[in-house]
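**Student:** Take this structure first; my questions come after.
None of the figures in this text is laboratory data; all of them are computed from the coordinates on show. Please read these numbers as outputs of a predicted model, since none were measured by experiment. Here Cβ is always computed from backbone atoms with ideal geometry, including for glycine, and neighbour counts include all displayed protein chains.
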Amino acid sequence: MKIQILNDKASYKTFNVTLEERESILYFNRASQALSKEHPIKGFRPGFVPFEILEQFLNQDTLGQEVARQTIKAILPEFLKAKCVPFIGEPFIEFKHIKKGEPLRFEVSLALWPSISLPDHKTITVKGEHPDVTQ
C-alpha cells in the first residue's frame, strides 16, 4: 500500500492510496464471493463464482461498488491507525481506478480536529478590588 498526502491544510487532509495488483486481488475475490451469494448464477455454488464470470452477468457499477466496499472495510481501520490523524466525522472516500489486474487507487479526505493553543495560566494576572469585610 502506497500512501501520498495530496492536501495538508489546517482543517482537512487528503491522502492518495494505491494498492498494487497483488494486494487488490484479495478484494476482488471477496467482492465476487459476496456478490455471488446475492446474485446466484446457474452452474455455480453461491459464494464460489469467479469474478470473470460475474463480469458477464452483472454491470460494472455493481462490481465496482462491491470491490470498493470490501476494500474500505478491510483497509480503512488499518489506514487510520497507521496515520494517527485526529479527525471529525466520517472520512470521504473517492475511488479513482477500479479494474482487475491493475493497481487500485482511491482518495481519503479527513476533516481534522481544530488545534487550540492556550496561554500559560501562570502568567495571567487579574486586577480587581479587594472588598472590605466588616461585622
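**Student:** Please find the FRET efficiency linking I88 to D8, where r is the Cβ-Cβ separation and R0 is fixed at 25 Å, and quote it to the nearest 0.05. Write down the numbers at each step before the final one.
**Tutor:** Details: r = 16 Å, r/R0 = 0.65.
Once the sixth-power term is evaluated, E becomes 0.95.
**Student:** Right, next: Of the listed values (i) 1.05; (ii) 1.16; (iii) 1.79, grab the one calculated as Cα Rg over 2.2 N^0.38 Å from the structure here.
**Tutor:** (iii)
**Student:** By average Cβ neighbour count within 10 Å, what is the ranking of 6-13, 51-58, 106-113 from highest down? If you can, show how the numbers build up before the last one.
**Tutor:** Details: 6-13: 11.5, 51-58: 14.2, 106-113: 16.8.
Those peptides, ordered most packed to least, come out 106-113, 51-58, 6-13.
**Student:** Same structure again: Relative to the longest principal Cα axis of the chain, at what angle does helix 60-83 sit, 0 to 90 degrees, rounded to 10?
**Tutor:** 40 degrees
**Student:** In addition: Within segment 1-94, how many lysine pairs that are 8 or more places apart, or on different chains, have C-alpha atoms less than 21 Å apart?
**Tutor:** 12
**Student:** Using alpha-carbon pairs under 8 Å, 6+ residues apart, how would you state the relative contact order of segment 64-108 in percent? Provide the component values of the computation, followed by the final result.
**Tutor:** Numbers: 25 pairs, mean separation 14.0, N = 45.
Normalised by residue count, the contact order of segment 64-108 is 31 percent.
**Student:** Beta carbons within 10 angstrom, averaged per residue: use that to sort the peptides 29-35, 68-74, highest first.
**Tutor:** Peptide ranking by packing, descending: 29-35, 68-74.
**Student:** Between segment 61-98 and segment 103-119, how far is it from one alpha carbon centroid to the other, in angstrom?
**Tutor:** 14 Å
**Student:** Helix 21-38 against the longest principal axis of the chain: what's the angle in degrees, Cα atoms only, rounded to the nearest 10?
**Tutor:** Once rounded, the angle reads 70 degrees.
**Student:** Quick one: if the Förster radius is 41 Å, what FRET efficiency do E38 and I116 give, using the C-beta to C-beta distance and rounding to 0.05?
**Tutor:** Details: r = 47 Å, r/R0 = 1.15.
That pair, E38 with I116, gives E of 0.30.
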